[in-house]
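The values are calculated or read from the model by the stated rules, or taken from the named source; none is laboratory data. Since this is a predicted model, take the numbers as computed values, not measurements. Note: ideal-geometry Cβ built from the backbone for every residue, glycine included; neighbour counts use all protein chains shown. SASA here: full protein model, heavy atoms, side chains in, ligands and nucleic acids out. Shrake-Rupley method; radii C 1.70, N 1.55, O 1.52, S 1.80 Å.
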Amino acid sequence: MKEYVSLNEKKDAFNEWCIINTEEELTSKVEELLSLQKNTKLHVVFRGVNEAKYKMYNSFQRLWIIRDLSTIGMLPINKIQSMIDYCYSSVLPPYLKRLGIICNDWYILAFLQHYGAVSPFLDFSKQLFVALFFACDNVVYHDSDNEIDNYISIYFYKNVDVINAFSNSVYKIAETKAQNIDHNDKEAKKRFWKDYMSFRDIMAEQNNWVIVPAYTNVSTIRNSKKKKITNYAISNLNSTSQDGEFVCNMNMNLPLELLMVKDDRKFISCINIHKGLIPYIIKKYLKASLDTARMKYYVMEQDIAKQAEKEAF
């Protein structure tokens, strides 16, 4: 699996770049990033990783590369599609129907991402502290002669810049495709996600990658007459607790930082934080143990039920 061998090598792949070695440097940088986070017009999103050497491959890419699946004639899009097709045959669609949610390929991929399967999604969060938790979680730290092994990383990008440059948000694409649909055409509305917004078709149209917002509420997709065509609902318990969204990457060769580039402009920035600062991060910013934070961000239905019982008894 390809990794960065040094911080110097890694630097060339990113827009803004810095290395944090002291509490003072970290405090200053966190304040700067929180200021960006508050600017809702920019829609900055963050991702935390517990090893700075890791390139931004999703779990499906990692599986594909490690198993060298390209050498045996498999098509990656077919493998993802087979996972999606299985979920349509499961209890998931009728369950969502009872909740008033329309099952679609993108909801399924978000479900796969957060509930144990490989997927072409990478998680980002609108909250810097969520990214800091993921960067600190399950860290292995033994002072290494290889400098990059001593660092965790926070990645971020300004969503508004990426959307303006590439115009490839699933939600925005759905809005565009809904414009000319007659709101009285029940069959067209029923098949909207299959006929216009399937995973296979959007990946072909968008050069194999796309941003997938995961709003915490159901967003209405309307036509040019402002009439409802469908709902956009991607969120699950985990994406909601993490205030997250996704980037889908089906390019089996490039990590996201090398894909999200246009006319030599790099859109993803990187902050490398020394692992020795993890206790400071936990105390000052997370203000809870990692075990407590895990319960908050890795949400399972049974955990909510068990905690409710504890509160009562």
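Here are the numbers for the structure shown:
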{"quantity": "Residues of the range 1-152: accessible area per residue with a 1.4 Å probe, Å²", "calculated": "51 Å²"}
{"quantity": "Among 179, 37, 242, residue whose mean-square fluctuation peaks in a GNM of the chain (springs only between Cα atoms under 10 Å)", "calculated": "179"}
{"quantity": "Mean shadow area of the range 176-262, taken as a quarter of the surface of its Cα convex hull (nm²)", "calculated": "7.1 nm²"}
{"quantity": "Per residue value of the accessible surface for the range 215-255 (all protein chains in place, 1.4 Å probe), Å²", "calculated": "40 Å²"}
{"quantity": "DSSP-assigned coil residues among chymotrypsin sites (Phe, Trp or Tyr not before Pro) in the range 86-195, each with at most 15 further Cβ atoms within 10 Å", "calculated": "115, 141"}
{"quantity": "At 0.692 mPa s and 37 °C, Stokes diffusion of the range 85-220 via Kirkwood alpha-carbon radius, µm² per second", "calculated": "184 µm²/s"}
{"quantity": "Percent of C-alpha pairs per 10 Å bin, the chain, short to long", "calculated": "5, 24, 33, 24, 11, 2, 0"}
{"quantity": "Within straight-line cross-link reach of residue 262, lysines at Cα separation under 17 Å, skipping those fewer than 8 residues along the same chain", "calculated": "158"}
{"quantity": "Inter-probe distance in nm under a simple model that places probes 7 Å from Cα toward Cβ, at residue 289 and residue 253", "calculated": "4.8 nm"}
{"quantity": "For residue 222, residues with placed amide H under 5 Å, excluding near neighbours", "calculated": "229"}
{"quantity": "Using θ = phi - 60° and Karplus 6.51 cos²θ - 1.76 cosθ + 1.60, couplings along the range 275-287 (whole Hz; Gly, Pro as x)", "calculated": "4, x, 8, 4, x, 5, 4, 4, 6, 7, 10, 7, 6"}
{"quantity": "Additional length obtainable on full extension of the chain from residue 69 to residue 16, 0.36 nm per residue less Cα span", "calculated": "15.7 nm"}
{"quantity": "Cross-link table 126/194; 284/310; 97/306; 79/227, entries beyond 32 Å C-alpha to C-alpha", "calculated": "79/227"}
{"quantity": "As computed over the range 224-297, the Cα convex hull volume per residue (Å³)", "calculated": "221 Å³"}
{"quantity": "For the chain, the longest site-free run once trypsin sites (Lys or Arg not before Pro) in DSSP loop states with at most 14 other Cβ atoms within 10 Å are removed", "calculated": "68-190"}
{"quantity": "Rough spin-label spacing in nm, given labels placed 7 Å along Cα→Cβ, for residue 86 and residue 310", "calculated": "3.3 nm"}
{"quantity": "Lysine pairs with alpha-carbon atoms under 28 Å apart, the range 1-53, spacing 8 or more or separate chains", "calculated": "12"}
{"quantity": "Heavy-atom accessible surface of the chain: percent carbon and sulfur, 1.4 Å", "calculated": "50 percent"}
{"quantity": "Diffusion constant of the range 157-313 at 37 °C, which comes from Stokes-Einstein with the Kirkwood Cα-pair radius and 0.692 mPa s, µm²/s", "calculated": "173 µm²/s"}
{"quantity": "Theoretical ellipticity at 222 nm over the chain - DSSP helices of four or more residues, -39500 (n - 2.57) apiece, nearest 500", "calculated": "-11500 deg cm²/dmol"}
{"quantity": "Estimated translational D of the range 1-137 in µm²/s (Stokes, Kirkwood radius over Cα pairs; 10 °C; 1.306 mPa s)", "calculated": "88 µm²/s"}
{"quantity": "At most 15 other Cβ within 10 Å, DSSP loop - GluC sites (Glu not before Pro), the range 1-96", "calculated": "16"}
